[in-house]
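Every number in this text was worked out from the coordinates using simple rules, so none of it is lab data. Predicted model, so just to flag it, every value in this text is computed and none were measured. Glycine gets a Cβ as well: all are built from the backbone with ideal geometry, and neighbour counts include every protein chain shown.
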């Protein structure tokens, strides 16, 4: 310390390191920083690529010279990290608020989180605020969507039930998908995705249901339906609909991206309903 | 290179780095190593603590001076890392094989993987080899067990169906848990866990079914059933049984450890059946 250098050594495990950092390191750094406040905000964006996001928002963030902006790609979403320097906490917050609002305005509904929330947290807030319930019918994601939704404490308020209908028999018996649909269109099809969502909704009595059926690989792909072919279904009181996606990546990434796409599809449907 | 130093710079993303390392770096290192072969083996152990494992196997691994042994704790399992140095590939393999066999013999069924396999890979192998099928009924794990099982490519050969019966209605309607059981013993109880497993097995027609019901927190705990109280159920043709666990950790860890305990309980039941 006499040499003007402070060396802080912290343990590796996040669960030990984080409280130490927040309770002991941060106050000391604040003191040493001598009145410069650094604050950070993370915005999350779905359904757009890194360069498309940058192209749209570069003219905006370049005008904020006191904020450092970086755009990162994280499995299935874009993160926009904003780091502001200011003389007061309040000033840093105000700058971030202004920049975040301008970016959100430019990108529209593609921005799903303004304060670093995960997709499942945002979905949970939307459902809880609107007093709506959700059920999920999964095939290739195998339970990942249910797991993500129930990662959020308190999710039992809006999450009713999930089904992992891996076999065709499960799709028929638990989700009421008919033989005719499976035989005519296949287990990986828009029709099956819609029937899965509608069946799950009727089984659980939830307001909304989402479904996923697809080919996560490495095997199971065909010329007509290669690995990465994924259908997302959605059902509400008005009926069922679906979208088709062609997702790149290995089994892990295809499953992750399918789960994100399903949650994002749900989010956009709820946004539409409450416009 | 003239200075006798080789510097290899690799990209960060594992998916880019790994093939480069295997195809280009490893052959060069082998050449430079001049006939010293280093090989590694990972054994995985469930249901035992770090120090209990070390106490039992230290006398064994200390006799293998050419092997470096380290014991690591990873969320819900112990990993034993063995690193052997030898003059030939074959010699390193033989040494590791001998040491691994001695450790496995000492620790018995607690060792679930001899070659670094995950719990879900081991379960998959056991089910596929014995031509048995599995279904899963989850409450507090929310889909995590189904997700882990279906992480393994080809799992559709043995995994039939999963249910995330988060609400009591779902437990009743989808898993046939009776009102009487839920009212008398509660949704988090041995009786409910067993009824969930039996109900899932009868719904799916699978050979085995496992179930989990518990309190992952942070809310929902009571004096009688605090956060971390988890019941694991198992059903086969002989009927249903269950175990009770008190798991430490936050929501994330309790859920993860519940999933591991359920898979391990299944593994031990299959082992018993095929003894």
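Per DSSP helix of 4 or more residues, -39500 (n - 2.57); summed, then divided by the residues of chain A. What does that give at 222 nm, rounded to the nearest 500?
Details: 10 runs with 115 residues, N = 275.
Per the formula, -13000 deg cm²/dmol.
Please list B:203-209, B:69-75, B:37-43, A:246-252 highest first by mean number of surrounding beta-carbon atoms within 10 Å per residue. Walk me through the numbers on the way to the answer.
Details: B:203-209: 23.1, B:69-75: 12.6, B:37-43: 17.7, A:246-252: 14.6.
Most protected by this proxy first, the peptides run B:203-209, B:37-43, A:246-252, B:69-75.
Ordered shortest first, which distances in nm separate the 7 Å Cα→C-beta label point of residue A:48 from those of the other copies?
Spelled out, the distances from residue A:48's label point are 5.4 nm.
From Cα pairs below 8 angstrom and at least 6 apart in sequence, can you work out the relative contact order of chain B, rounded to a whole percent? Numbers along the way, then the final one.
Numbers: 476 pairs, mean separation 39.1, N = 275.
Answer for chain B is 14 percent.
Among A:152, A:136, what is the fewest-to-most ranking by other Cβ atoms within 10 Å? Please list the in-between numbers first.
Working: A:152 22, A:136 37.
So the ranking, lowest neighbour count to highest, is A:152, A:136.
Measuring nothing but label to label, 7 Å from Cα along Cα→Cβ, what are residue B:94's distances to the other copies in nm, shortest first?
Once sorted, the set of distances for residue B:94 reads 7.8 nm.
Using mean Cβ contacts within 10 Å as the protection proxy, how do A:160-172, A:109-121 order, highest first?
Numbers: A:160-172: 24.9, A:109-121: 18.1.
Answer by packing, highest mean first, reads A:160-172, A:109-121.
If you line up the long axis of helix B:89-107 against the longest principal axis of chain B, both from Cα atoms, how many degrees apart are they, to the nearest 10?
30
In whole Å, how far is the Cα centre of the stretch B:179-206 from that of the stretch A:49-81?
Using only Cα atoms to place each centre, the spacing works out to 50 Å.
Against the longest principal axis of chain B, how steep is helix B:190-204, in degrees 0 to 90 to the nearest 10, with axes from Cα atoms?
80
State the antiparallel share, in %, of DSSP beta bridges confined to the stretch A:119-273, rounding to the nearest 5. Before the final figure, lay out each step's value.
Details: 14 of 24 bridges.
Counting DSSP beta bridges with both partners in the stretch A:119-273, the antiparallel share is about 60 percent.
When chain B is turned about an axis onto chain A, which of its residues keeps its C-beta closest to that axis, and how many Å is it?
Whole-Å result, nearest residue of chain B to the axis: B:143, 2.
Ratio of alpha-carbon Rg to the 2.2 N^0.38 Å globular estimate for the protein assembly as shown, to two decimals, please.
Values: Rg = 26.1 Å, N = 550, 2.2 N^0.38 = 24.2 Å.
It is 1.08.
Can you sort A:150, B:133 from fewest to most other Cβ atoms within 10 Å of each residue's own Cβ? Please list the in-between numbers first.
Numbers: A:150 29, B:133 20.
Taking fewest neighbouring Cβ atoms as first place, the list is B:133, A:150.
How far is residue B:37 from itself in the other copies, in nm, if each label sits 7 Å out from Cα along the Cα-Cβ line, shortest first?
6.3
Average partner chain C-beta neighbours within 10 Å, per residue of B:136-145?
Working: counts 4, 0, 6, 2, 2, 4, 15, 17, 8, 4.
The per-residue average across the peptide is 6.
Provide Rg and Dmax in Å for chain B, with only Cα atoms included in the calculation.
22.4, 80
Just the number: Rg to Rh for the stretch B:119-273, Cα atoms, Kirkwood Rh, two decimals.
Values: Rg = 14.3 Å, Rh = 15.1 Å.
Checking Rg against Rh, the ratio lands at 0.95.
For chain A, take the longest principal axis of its alpha carbons; what is the angle in degrees between that and the long axis of helix A:50-61, to the nearest 10 within 0 to 90?
40
Which value results for Rg/Rh of the stretch B:43-158 when Rg is the Cα radius of gyration and Rh the Kirkwood radius based on the inverse mean 1/r? Could the numbers behind the result be given before it?
Details: Rg = 16.6 Å, Rh = 15.9 Å.
Dividing the radius of gyration by the Kirkwood radius yields 1.04.
Taking every DSSP beta bridge that has both residues in the protein assembly as shown, what percent is antiparallel when rounded to the nearest 5? Walk me through the intermediate numbers first.
On the way: 70 of 90 bridges.
Of the beta bridges lying entirely in the protein assembly as shown, close to 80 percent run antiparallel.
How high is the relative contact order of the stretch A:34-113, in percent, with contacts defined as C-alpha pairs under 8 Å that are six or more residues apart? Don't skip to the answer; put the middle values down first.
Values: 127 pairs, mean separation 36.1, N = 80.
The value is 45 percent.
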